[in-house]
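Here's the structure we're looking at; comments come further down.
The values are calculated or read from the model by the stated rules, or taken from the named source; none is laboratory data. Values in this document were obtained by computation on a predicted structure and should not be read as measured data. All Cβ positions, even for glycine, are placed from backbone atoms using ideal geometry, and neighbour counts span all protein chains on display.
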Amino acid sequence: MPFYEFHCKKCNKPFSVTLTIKEREAGGIACPTCGSKDAEPLLGSFFAKTSKKS
């Protein structure tokens, strides 16, 4: 499952959650600290694995 990072606008704290794509699209992500649903997504890191050419 994908790992998403958010920033709560109410308590000003970042948090991370693991969600399915369907859960992410539904929205309404609540901050685990204050319970606010006013959160904005953060740009996270990623990696790509490519095949090695001989």
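May I ask you to verify whether GLU5 is surrounded by fewer than 10 Cβ atoms within 10 Å (Cβ to Cβ) and touching a strand residue (DSSP E or B) at 6+ places or on another chain (Cβ under 8 Å)? Spell out how you get there, then give the answer.
Values: surrounded by fewer than 10 Cβ atoms within 10 Å (Cβ to Cβ): no; touching a strand residue (DSSP E or B) at 6+ places or on another chain (Cβ under 8 Å): yes.
So GLU5 fails the test.
Being surrounded by fewer than 10 Cβ atoms within 10 Å (Cβ to Cβ) and charged (D, E, K, R): is that true of LYS37 here? Steps first, please.
Working: surrounded by fewer than 10 Cβ atoms within 10 Å (Cβ to Cβ): no; charged (D, E, K, R): yes.
When the stated conditions are applied, LYS37 does not pass them.
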Single condition LYS22 does not satisfy, out of (1) modelled with pLDDT of 90 or more; (2) surrounded by 13 or more Cβ atoms within 10 Å (Cβ to Cβ); (3) part of a helix (DSSP H, G or I) | (2)
Which condition does VAL17 not pass, out of (1) within 11 Å of the chain's Cα centre (by Cα); (2) at pLDDT below 85, if it passes all the others?
-> (2)
Can you pull out the residues in segment 25-37 that are part of a loop (DSSP other than H, G, I, E, B) and of a type in the set (A, V, I, L, M)?
-> ILE29, ALA30
